[in-house]
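The values are calculated or read from the model by the stated rules, or taken from the named source; none is laboratory data. Quantities reported herein were computed from a predicted structural model and do not represent experimental measurements. Note that each Cβ is placed from the backbone with ideal geometry, even for glycine, and that neighbours are counted across all protein chains shown. Only protein heavy atoms, including side chains, enter the accessible area calculation; ligands, DNA and RNA are left aside. Shrake-Rupley method; radii C 1.70, N 1.55, O 1.52, S 1.80 Å.
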Amino acid sequence: MSTVSLLIERLQKHFPEQQIEISFGEVTLTLTPQTLKSIANTLHTHPDFAFEALQDVCGVDYLDYGLSEWIAEKATGKGFERAALRDKKINILERQGPRFAVVYHLLSLTHNWRLRIMILLDEPLMVPSVVDIWPSANWFEREAFDLFGILFEDHPDLRRILTDYGFIGHPFRKDFPLSGYVEVRYDATSGKVVYDPVDIVPRTLVPKMIRRDQRYADDDSARGAS
Amino acid sequence: MPDLRNYTLNFGPQHPAAHGVLRLVLEMDGEVIVRADPHVGLLHRATEKLAETKPFNQSIGYMDRLDYVSMMCNEHGYVLAIEKLLGVTPPVRAQYIRVMFDEITRILNHLLWLGAHALDIGAMTVFLYAFREREMLMDCYEAVSGARLHATYYRPGGVYRDLPDSMPQYQASPWRSAADVAKQNADRQGSLLDFIEAFTDTFPQKVDEYETLLTDNRIWKQRTVDIGIVSPERAKALGFSGPMLRGSGVLWDLRKHQPYEVYDKLDFDIPLGKNGDCYDRYLVRVEEMRQSNRIVKQCIDWLRKHPGEVMLSQHKITPPTRAEMKGDMESLIHHFKLFTEGYTVPVGQVYAAVEHPKGEFGVYLISDGANKPYRLKIRPPGFSHLAALDEMCRGHMLADVVAILSSQDIVFGEIDR
């Protein structure tokens with residue numbers, strides 16, 4: 001697409017030091033928390049970019065990235081449920097780098113293009129808030145804080161948004177169990193709602209498996225070209 | 001002199017006009033809203049985390065349950081993201097079927113919105129009218145997928161099955177006389193396409209009926225004109241999309257500007273508002289129903305002339321047919337692998353967006369090459385709209401909150417996810 005190449009050209013002109021990546025026809029700009037504010041300002045106000053709208057902000061936890069729960073290369077005599085390697089997963093992709101990321105999806109209505117900004121993060125999970133640039137970031141940042149525990153500096157109202165009042169933990173982190181830690185029920189004898197430790201046993205119905213699939217062998221070269 | 005304090009009012013979460021489970025904490029000065037603080041998340045089901053624990057195809061059904069009044073459009077966003085990762089394009093017939101059902105879904109959604117919006121403001125009749133037409137469209141859902149609401153009809157690589165050649169019929173019963181049944185079955189004698197065509201022929205007159213009730217109605221105008229005005233600049237900054245953005249006069253529609261499937265081959269117009277108030281948003285949605293009707297008509301014409309495949313036959317992604325499985329070992333293995341572990345996708349991250357009836361429905365998918373998504377983020381349109389409720393309500397009266405809220409077309413399934 002010609003608009004994508006024009007966007008890349010302008011990005012390279014304005015931010016020659018930043019890492020720009022193209023995959024699946026989408027442009028990703030990788031930044032650090034220190035550089036975010038100034039670059040976001042340029043992207044928003046400069047007529048070369050005119051990203052008026054911030055469509056989405058989300059957190060990502062890379063803890064389990066590239067880990068497989070199933071030995072895909074050889075046969076096993078057990079069923080899925082018993083043979084899923086929940087505790088000793090196989091590391092296939094061997095990803096290096098920080099555990100967390102914050103991802104922003106920008107949209108320019110003027111130029112009709114999109115841009116993804118990615119910020120990789122380790123402790124401290126602190127990113128400057130972009131609410132003063134894009135007001136729509138407000139709730140999306142609250143959500144990322146709620147679900148991943150990422151703190152947004154200078155956010156006007158960083159409260160939890162989706163989880164229950166008084167919730168403990170950040171449920172979308174990969175080390176948070178799917179069934180959670182507590183369950184809620186109404187206790188008739190004491191006449192109130194009580195929280196009990198959850199009694200669901202974790203189980204895997206279909207294990208996660210990563211296949212070294214030959215179908216996508218030439219994928220990296222194909223993606224670079226698009 | 002005692003301190004004057006603003007009155008705090010709790011609205012919902014069990015209020016009929018809260019459109020589900022919204023808790024709204026309103027700070028009021030007399031009857032004027034000073035601050036509105038929506039508390040959401042009462043319907044949070046962690047759809048995104050659930051999807052991370054399941055093979056790709058098993059989460060399609062969850063997508064229906066996000067915005068539970070525009071089911072197939074949610075599926076469409078999710079399916080498009082997977083297709084983008086896999087690098088496959090469904091057959092053209094499947095694309096037309098998807099577009100047709102997207103537009104049917106848009107009409108379904110706008111009808112429910114119109115009925116509920118009018119009901120919130122005090123007009124009962126529109127709700128009953130709207131459900132009369134919704135019934136027919138839900139029959140289309142049922143004919144094609146077997147389910148009236150949560151269809152799970154789209155698949156990566158196409159749609160689950162082709163359009164049926166016959167429509168289900170009503171049966172006579174002690175409560176329904178044979179004469180009534182014959183009348184109800186009159187449009188159901190042919191195929192699904194005949195049924196939809198009969199619907200599209202009469203639907204514009206039905207929209208006229210709604211408009212007769214509302215558009216020039218003095219009470220309706222008093223309740224909606226100049227209520228909840230959003231300027232075009234503000235609408236963009238607040239991340240609005242869909243009818244909310246177009247109601248403010250911003251020409252932006254993903255079907256036109258970033259066309260997916262076959263929208264670039266179809267002829268339709270984008271209605272725009274002028275003032276960005278509740279009345280303009282109402283007009284925009286009503287006109288969108290007429291335009292959707294036009295699109296459905298064009299799809300019917302095309303689909304009649306072009307029979308063919310509705311699913312790719314790449315059996316690493318899509319299942320083989322029953323008949324193939326009975327005679328071919330390879331097909332049997334494909335079927336077994338697909339329905340036990342699913343398919344793996346290439347490593348990467350994609351963002352796919354569709355023009356959902358409520359706005360831009362985006363799906364951000366990160367894959368580490370496994371049979372499950374590594375991270376799925378749904379960008380719900382209503383989330384940014386509701387976030388702007390505070391700004392839209394300030395300075396308005398308590399009764400206007402209901403009008404503004406329902407003009408945003410809020411559904412909690414998608415906001416809380």
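Observations
- Taking a sphere under 14 Å around the Cβ of residue B:295 and counting the other residues whose Cβ falls inside, with K and R at +1 and D and E at -1, yields a net charge of -4.
- Between residue A:4 and residue B:211, the distance separating the two model label sites (each 7 Å from Cα on the Cα→Cβ line) works out to 4.1 nm.
- Solvent-accessible area of the protein assembly as shown (1.4 angstrom probe, protein heavy atoms only): carbon and sulfur portion equals 54 percent.
- Residues considered: B:287, B:135, B:75. Largest GNM mean-square fluctuation over chain B, using C-alpha springs under 10 Å, is found at B:135.
- The residues B:97, A:20, A:168, sorted by heavy-atom accessible surface at 1.4 Å with ligands and nucleic acids left out, run A:168, A:20, B:97 from largest to smallest.
- Residue A:45 accessible area, 1.4 Å probe, all protein chains in place, Å² to nearest 10: 100 Å²
- Residue-averaged [θ]222 nm for the protein assembly as shown, counting only DSSP H segments that reach four residues, each worth -39500 (n - 2.57): -12000 deg cm²/dmol
- For chain B, relative contact order (Cα pairs under 8 Å, six or more residues apart, normalised by length) works out to 26 percent.
- Cα shape, the range B:288-417, gyration tensor, a/c 1.5 rule: oblate
- Cα gyration tensor, the range B:1-92 - rounded (a/c under 1.5), prolate or oblate: prolate
- For residue B:329, solvent-accessible area (1.4 Å; no DNA, RNA or ligand), Å²: 130 Å²
- When all protein chains stay in place and ligands, DNA and RNA are ignored, the 1.4 Å accessible-area order of B:309, B:330, B:341, B:142, largest first, is B:309, B:330, B:142, B:341.
- Distance between the 7 Å Cα→Cβ label points at residue A:120 and residue B:53: 2.9 nm.
- Here residue B:194 sits with roughly 60 square angstrom of accessible surface, probe radius 1.4 Å.
- Rounded to the nearest 100, the interface formed by chains B and A buries 5200 square angstrom of accessible surface, both chains summed, with a 1.4 Å probe.
- Chain A: relative contact order as a whole-number percent, Cα under 8 Å and 6+ apart: 22 percent
- The length gained by stretching the chain between residue B:183 and residue B:275 to full extension, at 0.36 nm per residue less their Cα-Cα distance, is 28.7 nm.
- Distance (nanometres) between label positions extended 7 Å along Cα→Cβ at residue B:328 and residue B:265: 2.6 nm
- Accessible surface calculations at 1.4 Å, restricted to protein heavy atoms, place the range B:74-226 at 40 Å² per residue.
- Whole-number percent relative contact order across the range B:214-326, with pairs defined as alpha carbons under 8 Å at least 6 apart: 25 percent
- Candidates per trypsin sites (Lys or Arg not before Pro) in the range A:129-171, loop by DSSP, up to 12 other Cβ within 10 Å: A:159
- Once the chain from residue B:218 to residue B:314 is taken as fully extended at 0.36 nm per residue, the excess over their C-alpha distance is 28.7 nm.
- For the range B:257-313 and the range B:394-417, distance of Cα centres in Å: 26 Å
- Seen against the Cα atoms of chain A and their longest principal axis, helix A:33-45 is set at about 50 degrees.
- In the context of the full set of protein chains, residues of the range B:364-404 present 16 Å² of accessible surface per residue (probe radius 1.4 Å, heavy atoms only).
- Cα gyration tensor category, rounded, prolate or oblate, for the protein assembly as shown with a/c compared to 1.5: rounded
- Globularity index of the range A:1-66, i.e. its alpha-carbon radius of gyration over 2.2 N^0.38 Å: 1.22
- Compared with the direct C-alpha span, the chain from residue B:306 to residue B:170 gains 46.0 nm at full extension, assuming 0.36 nm per residue.
- Rh (Kirkwood; distinct C-alpha pairs) - chain A, Å: 20.6 Å
- Surface/4 estimate of mean projected area, convex hull on alpha-carbon atoms of the range B:359-410, nm²: 4.4 nm²
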